[in-house]
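Q: Okay, handing you the structure first.
The values are calculated or read from the model by the stated rules, or taken from the named source; none is laboratory data. Model, not experiment: these values are computed from the prediction. So basically every Cβ, Gly included, is an ideal-geometry build from the backbone, and we count neighbours across all protein chains shown.
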Amino acid sequence: MTYEEIIKDIKNGNVAPVYCLMGEEPYYIDKLEAYITQKVMPEANKDFDMAMMYGNEADAVRIVEACHQYPMLGERRLVVVREFQQMKSAQDALATYCKNPASSTVLVLCHKNGNLDKRKALGKVIDKEGVLFESKRVYESSLPSFIQKYLKAERKDIEPKAVEMLVEYVGADLMRMSSELDKLLIVMPAGESRVTAALVEGQTGMSKEFNNFELISALVKKHKAQALKIVKYFGSNPRSFALPSTLSVMFTFFSDLMQAYYSPDKTEQGIAQWLGKPDWKVRNEIMPAMKMYTGRKVMDILSEIRKTDAASKGVGGCKTPPGELLLELICYVLD
């Protein structure tokens, strides 16, 4: 089941007896655990009808005993086991319990940093009798959609430039991203409904004019003066500039551009689907760049980015400062 399907089911009163929330992305595991707790266990009943355990301390006997206890105040007991991945020996005993779970108990197993083995007894029985949810690690390409959905739920929207700034500033960490978005919602002026680049700049300290995405924008249009202005700013502000990050953004962009040439459908939507990128990103960056760079040039640029990365790590005894390495690379790209 998906995150949305589980939320919908619980809203409709369809609460499963056992949930295993597993995967590489902790954000959705924590969100679902909190949501299940909120809906299943009234605050006043928690001290009597809720048991919280941790995988490095609990064992199967304690968990099963807690599940078989009757609720004292409400209709249900709730048993939550966090860090379940640390309980290597509990699976067989819990599989036996999950085949015939207590009707008055909801058991939630939170298995982070990996998945329960679905081929073994516990995974199979939970998949049959309860809910087995996999929270997959997100990729940077899906972050804009996450940001927009998060803000839409709060009846807010966001400027595309502000989205790019947040993606660069936070990266693919949904826990931190949600925290930064919450901060922005708190500091938004009363009556405003749109998160702007200026607001992100004020909150994060990140320049809306001098960042990696503005550099890409300048390269897309081959605006040499603007690109060199950004590189100069990077060189004079080493605390806000990390060459590996800039090279990573450039390599991702030019790799996407290289793939775009092979898209069977050269329309905006066709390329967006081929690359798995938002339409606006293809419209504003990929398609204009396809008119400015040949496929041969893009291949050479990718090679040059790799060389610059190697030089920045001292390969060949290179001691050139990061700012100068970037300047040489940008001059090559725009040549």
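Quick grid of which residues meet (1) hydrophobic (A, V, I, L, M, F, W, C); (2) surrounded by 20 or more Cβ atoms within 10 Å (Cβ to Cβ):
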residue	(1), (2)
L185	yes, no
G191	no, no
F213	yes, no
A227	yes, yes
V249	yes, no
D256	no, yes
W274	yes, no
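Q: While we're on this one: Which residue out of L219, L181, L243 is touching a helix residue (DSSP H, G or I) at 6+ places or on another chain (Cβ under 8 Å) and outside the structural domain of T294 (by TED's automatic domain parsing)?
A: L181
Q: Same structure again: Kindly check whether there is at least one residue in the range 12-24 that is farther than 19 Å from R76 by Cβ and of a type in the set (D, E).
A: Yes.
Q: How about the range 26-75: which of its residues are charged (D, E, K, R) and in contact with a Gly (Cβ under 7 Å, 6 or more places away or on another chain)?
A: Once the filter is applied, which keeps residues that are charged (D, E, K, R) and in contact with a Gly (Cβ under 7 Å, 6 or more places away or on another chain), the range 26-75 yields only D49.
Q: While we're here: Mind telling me which of the residues N113, N56 ends up being exposed (fewer than 14 other Cβ atoms within 10 Å of the Cβ) and under 25 Å from R176 (Cα atoms)?
A: None of the other options fit; the residue is N113.
Q: Okay, next question. Name the one entry in L107, L151, L166, L122 that is at negative phi, crowded, with 22+ Cβ neighbours inside 10 Å and not assigned by TED's automatic domain parsing to the domain that holds Y19.
A: The unique qualifying residue is L166.
Q: Next question. Does S245 count as of a type in the set (S, T, Y), in a helix (DSSP H, G or I) and either in contact (Cβ under 8 Å) with a residue 24 or more places away in the chain or in contact with a Cys (Cβ under 6 Å, 6 or more places away or on another chain) (or both)?
A: Yes.
Q: Out of the residues in the range 18-48 that are in a helix (DSSP H, G or I) and more than 27 Å from the chain's Cα centre (by Cα), state the one that is surrounded by the most Cβ atoms within 10 Å (Cβ to Cβ).
A: That would be V40.
Q: All but one of (1) modelled with pLDDT of 90 or more; (2) under 30 Å from S245 (Cβ atoms); (3) surrounded by fewer than 19 Cβ atoms within 10 Å (Cβ to Cβ) hold for E140; state the number of the condition that does not hold.
A: With (1) modelled with pLDDT of 90 or more; (2) under 30 Å from S245 (Cβ atoms); (3) surrounded by fewer than 19 Cβ atoms within 10 Å (Cβ to Cβ) applied to E140, the lone miss is (1).
Q: Looking at the range 1-40 only, could you name the residues that are touching a Lys or Arg at 6+ places or on another chain (Cβ under 7 Å) and free of Cβ contacts under 8 Å to residues at least 40 places away in the same chain?
A: Within the range 1-40, I10 is the sole residue that qualifies.
Q: To continue, here is another question. Please state which one of V200, V231 is in a helix (DSSP H, G or I), touching a Lys or Arg at 6+ places or on another chain (Cβ under 8 Å) and of a type in the set (V, I, T).
A: None of the others qualify; the one that does is V200.
Q: Can you pull out every residue in the range 295-311 that is buried (at least 19 other Cβ atoms within 10 Å of the Cβ) and either over 31 Å from the mean Cα position of the chain (by Cα) or in contact (Cβ under 8 Å) with a residue 60 or more places away in the chain (or both)?
A: Residue satisfying the conditions is T308 alone.
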